[in-house]
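Each value in this text was obtained by applying a stated rule to the coordinates, not by laboratory testing. On a predicted model such as this, the values are computed, not experimentally measured, just so you know. Glycine gets a Cβ as well: all are built from the backbone with ideal geometry, and neighbour counts include every protein chain shown.
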Amino acid sequence: MKSIRDNIPAIIFWSVAVFVLFWYLGTRGLWGAEDRWAEIVREMLLTGDYFHPCINGKPYFDKPLLSYWFIAFVAAVTGRLDEWTIRLPSAIAGLLGLWATMNLGRRLWSDQRARTAGWILLSTYGFIFWSRAGTADMENMTAIILAVAWYWARREKPGFISYFVFYAICFIGAQTKGLTAIVVPILAVLPDLFREKRWKSYVSVSHFLALAAGLSLYLGPLVYAEVTRSGYESSGLGLAFRENIIRYFQPFDHKEPFYVYFHYLPQLFFPWIPLLMAAFWAAYAHFKNLDWPSKWLTISATLIFVFFTMSGSRRSYYILPLLPFCALMSSLYFDWEQKEKCHRQVVGIQTVPLVIVAAIEILSPAIWPAVETQTGFEPPKELIFATVFLGFLALVPLVLQRIRPGLLSRLTGSEKKLAPLIVISVIIMGGYLDWQEKIIDQYRSTKPFGTELKTRIAKFESYDVGLFPEFSRGFSEMLFYLDLPEPVQIVSNGEQLNEFLNSEAKTRILISHGDDKKELLDALPEWVHKESTLKEKIYPWEKKKKYEAWIIQNKRK
C-alpha cells in the first residue's frame, strides 16, 4: 500500500487537472457550436421530447442524442441550464480521458511515462479548450481512448464481458458524436490483433453476441426516434448515414486540403510539437529495436492520422482523438532515443517557444500601446495584470530547476528533463484558457444583448417575436438567451413581414442582423420607426455588424 508521500504526484496531478478544467467553467458566454447544444437541450426541456432534437421548433438531428442527454441530465440534477451546465459533461469527459490515457501508459510502460503523458495531454491547447466546450468532441475523444485502454486491460481475458464492454464504450461514444468512436478504436487495436494471429480468438459466438448487444445500444435510441417521429421531418438513422458515411467518401461541406491536419495537429497539440516531432522521428528511426507496445503505439497513431486525412471532410477538431496517442508518444521519446545529446537538443528546442510566450507576456505592457494604436482595443487592467503575472509565474519552474534539480519531477511524477516545461505549459495554457479568455469574454456582446432583450420582453403581456430573414449567424445563441416558451417566427420576405406586423399581439419584437438591415429597412412600412430599439454593442476595434431589435407597438393605420 502506497504512503501519502508516494501519492503526492497523483494528488497534485488530479488537483491541477480539476482546477484547469473546471475553474471559471461557466463564466464565458456560449461560443461557436455550443449554441446548438444549448438551444436543443433547452427545447428538449420545454417540450419533454428527448428523441427529436429541434432548434426553434424545427428538426435538427445533426448529431446523435447522448451528448444532449448528458446536458439535460445535469440540468435536471442542478435545476439550471446555463453555460456551466452545458460544459460540465465535457469537463468530466476530459478527466476521464486523462485517466484512460494514463491507465494505458501505466499498463504498457511505467508510472512515470503514464504520468508524463497525462501532464503533456493536460497542458495542450486542444485538450483544455475542448474539455471546456459544451459540444460532443471531448466525449468522443474520451470514448476512443477509453475503449483502447479497455482492450489492453482485457487483452489476455477474451470473453463476452471483455468484448461487450469494448463495444459498449464504442457505441455509446458513437451516440455522442458519430461513428468515429467505433472506427478509430477498432483501427487502433488492429495492429495488435493481427500480430501472432490474435484475431482468431475473436471469431467466436460470444464476440458476435457482444457486437450485436453493443450495436443495439447505438441503434436503440435512433430506431425509437424513427418510429415515433410522427410529423418530425428528420431521420436520425438517415442523418447518421449521411453525416458519417457519405460525408467521409463524398463530402458535401467542410472540404479542406488533404494536408490540413499537418497544420491543425500542431495547433491542437501546442506547445508540445517539437517533442512530438522528435518522438515520431525516434520511433521510426529505432523501430526495429522498440518493444511491441511502442511499435503498436507508433503504428496506431499513424493509422489514425491517415484515416482522418483520407476523409474528404476535414475540420481541426476531427483529429482530436489523436491527442492521447501523441501524448503517450511524446512521453516515450526518452526511452526510444538513447543519445543524451539529442535529449538536450530536443529539450532546448521545446523550451524556446515556452520562454518566448512568457517573455511576450512579461513585456506586454510595452506591446499593448501598439495594439491599441493599430486596432483601437484598450486592454482592461485585469487583463494587463493577468498577462504579466502569468509571464513571471511561467519562469518560476526554470528557476526552481536551477535551485532544486529534481524537485518538480518528484512533485509531478513526470520525466525529470520535462518537468519544468510541463509546469510552464500548464501555467501558460491553463492561464490563457481559464483566466485570460474569461477577461476577454466581457467584450463579447451577444449574451448581454440577448439577456437585455429578454428583460424587456418580459414586461409585455402579449407579444410576438420574429427574426428577419431566415437563420442568421448566432441564431441558436440568441434563442437560448431569450429563453422564449415558443419558437420565434421566421420572417423571410416583405409579405411575411406585413403579416407579422399585423399580428394580434399588442407588441411585436423584430430581430435582425446588421448584415440584413438594409433589406429589412427597405421592407418596413412607413409607420414603423427605422431606428432600432436595442442594438448589440459594437466596440471600436470590431469591423462587423451585429444584432438589432425593434420593439413595435401602436400600429398606425
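Taking the beta-carbon count within 10 Å as an exposure proxy, list Ser532, Ser492 from fewest neighbours to most.
Listing Ser532, Ser492 from fewest to most nearby Cβ atoms yields Ser492, Ser532.
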So, R0 is 22 Å and r is the distance between the beta-carbons of Glu486 and Glu461; what FRET efficiency does that work out to, to 0.05?
0.90
For Asn498 and Gln553, extending 7 Å from Cα along the Cα-Cβ vector and measuring point to point gives, in nm, a value of 2.6
Residue-by-residue Karplus 3J(HN,Hα) for region 273-285, coefficients 6.51, -1.76, 1.60, Hz, glycine and proline x:
4, x, 5, 5, 4, 5, 5, 4, 4, 5, 4, 6, 5
Show that you can apply the helix-only estimate: for the chain, add -39,500 (n - 2.57) for every DSSP H stretch of four or more residues, divide by all residues, and state [θ] at 222 nm to the nearest 500.
-19000 deg cm²/dmol
Placing each pseudo-label 7 Å from Cα in the direction of the beta carbon, Lys58 and Phe252 end up separated by a distance in nanometres of 1.5
Answer label, with P(r) over Cα pairs in 20 Å bins from 0, in percent calculated from the coordinates and candidates (i) 20, 55, 23, 1; (ii) 19, 48, 28, 5, 0; (iii) 21, 48, 23, 7, 1:
(ii)
I'd like to compare 460-470, 180-190: which one has the highest average count of other Cβ atoms within 10 Å, and what's the full order after that?
180-190, 460-470
Ordered by residue, what ³J(HN,Hα) values in Hz, to whole numbers, does region 515-528 give under the Karplus form 6.51 cos²θ - 1.76 cosθ + 1.60, where θ = phi - 60° and Gly and Pro are x?
5, 9, 5, 4, 4, 5, 4, 5, 8, 5, x, 5, 6, 8
Provide the FRET efficiency to the nearest 0.05 for the Lys157-Leu303 pair, computing r from the beta carbons and using R0 = 25 Å.
0.50
If amide H atoms are modeled at 1.01 Å from N in the peptide plane, then the residues at a separation of 5 or more from Arg315, or on another chain, having amide H under 5 Å from its own are none
Karplus-derived 3J(HN,Hα) from phi for region 261-269 (6.51 cos²θ - 1.76 cosθ + 1.60, θ = phi - 60°), whole Hz, x at Gly and Pro, runs 6, 5, 9, 6, 4, x, 5, 5, 9
Theoretical gain in end-to-end length, Asp111 to Leu363 [0.36 nm per residue, Cα-Cα removed]
86.9 nm
If the chain between Val18 and Glu226 were fully stretched, how many nm would it gain, using 0.36 nm times the residue separation less the Cα-Cα distance?
71.0 nm
Peptides 304-310, 445-451: what's the order by average Cβ count within 10 Å, highest mean first?
445-451, 304-310
Sorted by Cβ neighbour density within 10 Å, fewest at the top, the residues Phe269, Phe51
Phe51, Phe269
For the chain, what does the relative contact order come out to in percent, with C-alpha contacts under 8 Å and a separation of six or more?
16
Determine the gain in length on full extension of the stretch Trp292-Ile403; use 0.36 nm per residue of separation and subtract their C-alpha separation, reporting nm with one decimal.
36.1 nm
Can you tell me the convex hull volume per residue for region 446-553, based on C-alpha atoms, in Å³ to the nearest whole number?
98
Enter the angle in degrees (range 0 to 90, nearest 10) between the Cα long axis of helix 83-108 and the first principal axis of the Cα atoms of the chain, meaning the one along which they spread out most.
10
Computed over region 342-443, Cα set: Rg, Dmax in Å
15.6, 47
With both bridge residues required to lie in the chain, what share of the DSSP beta bridges run antiparallel, to the nearest 5%?
60
Mind giving me the nanometre distance, one decimal, between the label points for Arg444 and Ile245, set 7 Å out from Cα along Cα→Cβ?
3.7
What FRET efficiency comes out for the pair Glu372/Arg315, r = Cβ-Cβ distance, R0 = 41 Å, nearest 0.05?
0.75
May I ask for the net charge around Tyr248, where only other residues with Cβ less than 15 Å from the Cβ of Tyr248 are counted and Lys, Arg are +1 while Asp, Glu are -1?
+3
